[in-house]
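The values are calculated or read from the model by the stated rules, or taken from the named source; none is laboratory data. Given the structure is predicted, the values throughout are model-derived calculations rather than measurements. Virtual Cβ from ideal backbone geometry, glycine too; neighbours counted across all protein chains shown. The protein model used for the area step is the full one, side chains on, heavy atoms only, and it has no ligands, DNA or RNA in it. Shrake-Rupley method; radii C 1.70, N 1.55, O 1.52, S 1.80 Å.
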Amino acid sequence: MELLQSTDFWIGLVKIVWINIILSGDNAVVIAMAARSLPPAQQQKAVLFGSGAAVVLRIVLTIVAAKLLALPYLQIVGGLLLLWIGLQLLSEEDEGDGESKEYGSMIAAVRTILLADLVMSLDNVIAVAAAAQGSMVLLVLGLAISIPLVIFGSTLMIKLMERFPIIVMLGAALIGWVGGETIVSDVSLHGVLAANPWLHYAAAAAGALFVVAAGRLLQRRARAAAGH
C-alpha cells in the first residue's frame with residue numbers, strides 16, 4: 001500500500017504508459033505489415049504469437065539492452081536488418097493457396113515480427129527501464145502495459161491497411177525511417193552524429209525513401225514477371 005501512496009510511483013507509471021503509447025506504434029505497424037496477407041483467423045494467431053514472443057524478448061532485453069547498445073556496429077547491423085524487413089514486407093506478393101502455404105506464411109510472419117521487434121524494442125526497453133528507476137514493479141507493469149497496446153494497435157492497423165492500401169506504403173516507410181535512425185545511432189558513429197546532428201534525420205529519411213523506392217521497383221518487376 002505504501003507503494004501506491006508514493007507520488008514517485010505514479011509519476012513513473014504515467015511516464016511508462018506515455019513511453020509505451022509513443023514507442024509501441026512502430027512495433028504495431030511491423031506486426032500488421034507482416035500479418036496483413038494472412039487469412040483473418042491466421043492474422044489473429046500471428047498477432048498473438050508475435051506479440052507474446054516479442055514480450056518474452058523484451059524481458060530478456062530488459063536485462064541486457066544497455067550492454068547490447070554499447071557494442072559497436074550492432075545497431076548498424078540491426079538497422080540494415082530493418083531496411084531489409086521493410087523491403088520484403090512492401091515487395092512481397094500474395095501467392096499460393098492451400099493450408100500448407102498459409103501455414104508457412106504464418107510462420108514467416110511470426111519470424112519477421114520477432115526479428116523486427118528484437119531491433120526496434122532496444123530503445124523502448126531502455127526508455128521504460130529509465131522511467132522505472134530501478135523499481136521492479138514499474139518495470140513489470142511497463143512490460144504488461146505494452147502487450148495490449150501492441151495487440152490492439154496491430155489489429156487496428158490491419159483493418160486500416162485493408163481499407164486504405166496507402167497505409168501499407170506508409171508503414172514500410174516508417175520501418176525504413178526507424179532502420180535509418182538505428183544505423184546512425186550506433187555507438188561507433190556518436191562522434192560523427194554529435195558533429196553533424198542533421199545526419200539523424202537525413203539517415204532516417206534516406207532509409208524511408210530506400211524502402212519505398214526499392215520496394216515499388218520490386219513490386220513492378222514481380223507484376224511484369226507474373227504478366228509473362
Check your understanding: If you scan segment 153-177, which residues turn out to be among the hydrophobic types (A, V, I, L, M, F, W, C), free of Cβ contacts under 8 Å to residues at least 24 places away in the same chain and open to solvent by 60 Å² or more (accessible area, probe 1.4 Å)?
Key -> 164, 166, 170
Point to revise | Failed criterion for residue 219 (all others in (1) within 21 Å of residue 114 (Cα to Cα); (2) open to solvent by less than 40 Å² (accessible area, probe 1.4 Å) hold) | key: (1)
Check your understanding: Would you call residue 198 open to solvent by 40 Å² or more (accessible area, probe 1.4 Å), among the hydrophobic types (A, V, I, L, M, F, W, C) and in contact with an Asp or Glu (Cβ under 9 Å, 6 or more places away or on another chain)?
Key -> no
Practice item. Specify which of the listed residues (65, 53, 109) is at pLDDT 80 or above and either of a type outside the set (Val, Ile, Thr) or touching a Ser or Thr at 6+ places or on another chain (Cβ under 8 Å) (or both). Key: 109
Practice item. Six or more apart or on different chains, Cβ under 7 Å: which pairs go from a residue in segment 202-228 that's under 16 Å from residue 80 (Cα atoms) and free of Cβ contacts under 8 Å to residues at least 60 places away in the same chain to one that's assigned to a helix (DSSP H, G or I) and open to solvent by 70 Å² or more (accessible area, probe 1.4 Å)? Could you list them? Key: 204/177; 208/177
Check your understanding: Of (1) at pLDDT 85 or above; (2) over 16 Å from residue 30 (Cβ atoms), residue 126 satisfies all except one. Which?
Key -> (1)
Point to revise | Enumeration of residues in segment 18-44 that are among the β-branched types (Val, Ile, Thr) and either under 18 Å from residue 107 (Cα atoms) or open to solvent by less than 50 Å² (accessible area, probe 1.4 Å) (or both) | key: 19, 29, 30, 31
